[in-house]
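*Asks:* Before anything else, here's the structure in question.
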Amino acid sequence: MTADSLPPAVLQVLPMLETGGVERGTIEVAEAVVRAGFRALVASAGGRLVPELMHCGAEHIALPLASKDPWVMWRNAAKLAAVIRNGRVAIVHARSRAPAWSARLAARRTGARWVTTYHGTYNEGFPLKRRYNAVMASGERVIAISGFIAAHLMARHGTDPARVRIIPRGVDPRRFDPALVSGERIIKLARAWRIPDDATVVLLPGRLTRWKGQEVLIEALARMRRRDAVAVLVGDDQGRCGYRTALEALAERLGLGPRVRIVGDCADMPAALMLADVAVSASIEPEAFGRVVVEAQAMGRPVVATAHGGALETVSPGETGWLVPPGDAAALAAALDHALSLDEASRAALGRRAREAVLGRFTTERMCAATLDVYRELL
């Protein structure tokens with residue numbers, strides 16, 4: 001088959017396909033591209049999610065796109081340009097900064113249309129960092145994953161609002177459905193994490209990093225009236241062994257050692273959320289969107305989140321969850337005590353409202369359909 005006879009392709013670029021919301025969204029969009037009759041290509045340095053990507057019918061191109069070395073980035077641009085020409089790529093969609101610099105150059109060399117997704121607030125800790133970040137605002141269409149991010153990128157980079165499309169991230173209701181999680185899956189996790197049968201589980205999913213607020217949750221646990229609560233911290237430490245050690249030391253210092261579990265990554269988040277009596281997003285810096293919140297709501301779980309960033313768009317206080325000031329352990333403790341005090345009927349009603357809200361606004365189907373509409377605009 002010659003390049004001219006191939007159906008048009010969409011090429012997404014990102015550093016790696018390991019774990020995380022960006023990676024998951026990339027695979028979901030690739031699957032939607034294939035279903036729409038296009039070819040889906042993803043270029044990255046590889047990772048554990050590559051087999052899943054290929055299973056959905058997409059093609060993976062291995063390139064060292066995680067590198068920030070200028071020479072490597074320059075060579076990546078040449079290799080991506082060859083992929084675009086040989087693969088009849090019509091759309092190039094960048095999801096991270098270092099790969100975006102290479103991909104933008106490749107798109108300009110080949111005439112491919114250029115899309116970016118602005119996934120975070122991106123710090124500006126050193127001179128020229130804003131210029132480095134600005135590549136994510138350079139797309140012919142710039143996808144913002146929340147209204148918060150759209151306002152941020154327009155204020156920070158002066159992006160023309162006509163180029164911005166707000167497309168919230170979504171959850172897959174085929175996976176995040178309480179009716180599909182067996183008791184055996186929940187029991188398996190409870191045993192692996194050594195959760196006592198009579199314990200109340202407070203779950204904080206998120207990689208182990210200080211801004212995710214694990215310390216705040218441990219401090220809140222010490223202030224709660226409920227003494228049967230066990231805090232389960234789910235997430236990869238990504239080599240941050242010092243921070244994990246600090247969390248363990250904090251729990252011991254507060255007399256909470258037996259009531260704090262740091263369990264690492266979890267491959268079965270729907271079951272983890274069903275095990276939880278309440279889910280927490282305690283981030284002390286604003287979440288660009290906060291996928292944990294909508295995943296928990298999709299599972300009908302009570303959610304307590306911090307009142308900034310994307311959570312302001314995904315939590316209706318008192319209706320689908322609760323919001324507390326960031327970094328406020330006392331307020332978090334009070335909200336958790338309140339959530340855990342609900343009777344069964346109130347918990348069920350809140351869970352139904354939360355799931356209905358997610359199904360109405362924050363599904364992968366809606367996210368992918370809106371992303372395909374952006375591609376069609378440019379085609």
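*Asks:* Mind checking which pairs have a first residue in the range 242-257 that is assigned by TED's automatic domain parsing to the domain that holds residue 207 and a second that is in a loop (DSSP other than H, G, I, E, B) and surrounded by 15 or more Cβ atoms within 10 Å (Cβ to Cβ), Cβ under 6 Å, 6 or more apart or different chains?
*Replies:* Listed pairs, sorted by first residue: 243/208; 244/208; 244/237.
*Asks:* In addition: Counting just the residues of the range 240-295 that are hydroxyl-bearing (Ser, Thr, Tyr) and out of contact with any Asp or Glu (no Cβ under 8 Å at 6 or more places or on another chain), which one comes out nearest to residue 308 (Cα to Cα)?
*Replies:* 283
*Asks:* Name the single residue, out of those in the range 215-240 being assigned to a strand (DSSP E or B) and in contact (Cβ under 8 Å) with a residue 40 or more places away in the chain, that is nearest to residue 190 (Cα to Cα). If you could, list the steps in order and put the result at the bottom.
*Replies:* Kept after step one, since they are assigned to a strand (DSSP E or B), are these residues of the range 215-240: 229-234.
Next, only the ones that are in contact (Cβ under 8 Å) with a residue 40 or more places away in the chain stay: 229, 232.
Working: 229: 14, 232: 10 Å.
Of everything passing the filter in the range 215-240, 232 is nearest to residue 190 (Cα to Cα).
*Asks:* Pull out all pairs, ordered by first then second residue, where Cβ-Cβ is under 8 Å, the residues are six or more apart or on different chains, the first lies in the range 181-210 and is closer than 14 Å to residue 229 by Cβ, and the second is assigned to a loop (DSSP other than H, G, I, E, B) and among the aliphatic types (A, V, I, L, M).
*Replies:* If the second residue must be assigned to a loop (DSSP other than H, G, I, E, B) and among the aliphatic types (A, V, I, L, M), the pairs left are 201/195; 201/276; 202/276; 203/276; 204/282.
*Asks:* Where in the range 262-379 are there helices (runs of 4 or more DSSP H), lying fully within it, with 2 or more residues that are of a type in the set (Asp, Glu) and free of Cβ contacts under 8 Å to residues at least 40 places away in the same chain?
*Replies:* On the way: elements: 269-275, 291-298, 311-314, 329-341, 344-361, 364-378.
Helices (runs of 4 or more DSSP H) meeting the threshold: 344-361.
Residues checked against (1) touching a Lys or Arg at 6+ places or on another chain (Cβ under 6 Å); (2) not charged (D, E, K, R):
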{"residue": "78", "(1), (2)": "no, yes"}
{"residue": "85", "(1), (2)": "no, no"}
{"residue": "88", "(1), (2)": "no, no"}
{"residue": "91", "(1), (2)": "yes, yes"}
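*Asks:* Okay, moving on. Select from the range 163-180 the residues that are of a type in the set (Lys, Arg) and without any contact (Cβ under 8 Å) to a residue 40 or more places away in the chain and list them in ascending order. Break it down into steps so the answer makes sense when it comes.
*Replies:* Of the residues in the range 163-180, the ones of a type in the set (Lys, Arg) are 163, 165, 169, 174-175.
Listed by number, the residues that qualify are 163, 174.
*Asks:* Being surrounded by fewer than 21 Cβ atoms within 10 Å (Cβ to Cβ) and over 30 Å from residue 35 (Cβ atoms) is the requirement here; does residue 344 meet it? Can you show your working first?
*Replies:* Numbers: surrounded by fewer than 21 Cβ atoms within 10 Å (Cβ to Cβ): yes; over 30 Å from residue 35 (Cβ atoms): yes.
The answer is yes for residue 344.
*Asks:* Turning to a different aspect of this structure: Looking at residue 219, is it in contact with a helix residue (DSSP H, G or I) (Cβ under 7 Å, 6 or more places away or on another chain), buried (at least 19 other Cβ atoms within 10 Å of the Cβ) and at pLDDT 95 or above?
*Replies:* yes
*Asks:* Still on this structure, I have one more. When you go through 216, 202, 234 one by one, which is the residue that is touching a strand residue (DSSP E or B) at 6+ places or on another chain (Cβ under 6 Å) and either of a type in the set (Ser, Thr, Tyr) or more than 16 Å from residue 264 (Cβ to Cβ) (or both)? It would help to see each step written out before you state the result.
*Replies:* On the way: 216 fails: touching a strand residue (DSSP E or B) at 6+ places or on another chain (Cβ under 6 Å); 234 fails: either of a type in the set (Ser, Thr, Tyr) or more than 16 Å from residue 264 (Cβ to Cβ) (or both).
On inspection, the qualifying residue turns out to be 202.
*Asks:* If you check residue 318 against the conditions, is it at pLDDT 95 or above, closer than 21 Å to residue 345 by Cβ and among the small types (Gly, Ala, Ser)?
*Replies:* Numbers: at pLDDT 95 or above: no; closer than 21 Å to residue 345 by Cβ: yes; among the small types (Gly, Ala, Ser): yes.
When the stated conditions are applied, residue 318 does not pass them.
*Asks:* Being assigned to a strand (DSSP E or B) and touching a Ser or Thr at 6+ places or on another chain (Cβ under 9 Å) narrows it down to one residue among 165, 156; which is it? Before you say what the answer is, go through the steps one by one.
*Replies:* Numbers: 156 fails: assigned to a strand (DSSP E or B).
After applying the criteria, what remains is 165.
*Asks:* Next up: Would you confirm, using the coordinates I've provided, whether residue 237 is within 26 Å of residue 310 (Cα to Cα) and either hydrophobic (A, V, I, L, M, F, W, C) or within 23 Å of the chain's Cα centre (by Cα) (or both)?
*Replies:* Values: within 26 Å of residue 310 (Cα to Cα): yes; either hydrophobic (A, V, I, L, M, F, W, C) or within 23 Å of the chain's Cα centre (by Cα) (or both): yes.
Judged against the criteria, residue 237 is a match.
*Asks:* Would you pick out the residues in the range 271-295 that are crowded, with 24+ Cβ neighbours inside 10 Å and farther than 14 Å from residue 202 by Cα?
*Replies:* 283, 287, 289, 290, 291, 294, 295
*Asks:* So, residue 76, is that one among the polar types (S, T, N, Q), free of Cβ contacts under 8 Å to residues at least 40 places away in the same chain and either closer than 18 Å to residue 139 by Cβ or not assigned by TED's automatic domain parsing to the domain that holds residue 207 (or both) or not? First the steps, then the outcome.
*Replies:* Details: among the polar types (S, T, N, Q): yes; free of Cβ contacts under 8 Å to residues at least 40 places away in the same chain: yes; either closer than 18 Å to residue 139 by Cβ or not assigned by TED's automatic domain parsing to the domain that holds residue 207 (or both): yes.
Here the answer is yes, as residue 76 does meet what is asked.
*Asks:* Let me ask you something else. Please find, among 301, 352, 376, the residue that is of a type in the set (Lys, Arg) and crowded, with 23+ Cβ neighbours inside 10 Å. So that I can check it myself, show each step before the final result.
*Replies:* Numbers: 352 fails: crowded, with 23+ Cβ neighbours inside 10 Å; 376 fails: crowded, with 23+ Cβ neighbours inside 10 Å.
301 is the lone residue from the list that is of a type in the set (Lys, Arg) and crowded, with 23+ Cβ neighbours inside 10 Å.
The values are calculated or read from the model by the stated rules, or taken from the named source; none is laboratory data. Treat the numbers as computed from the prediction; the structure is a model and nothing was measured. Note: ideal-geometry Cβ built from the backbone for every residue, glycine included; neighbour counts use all protein chains shown.
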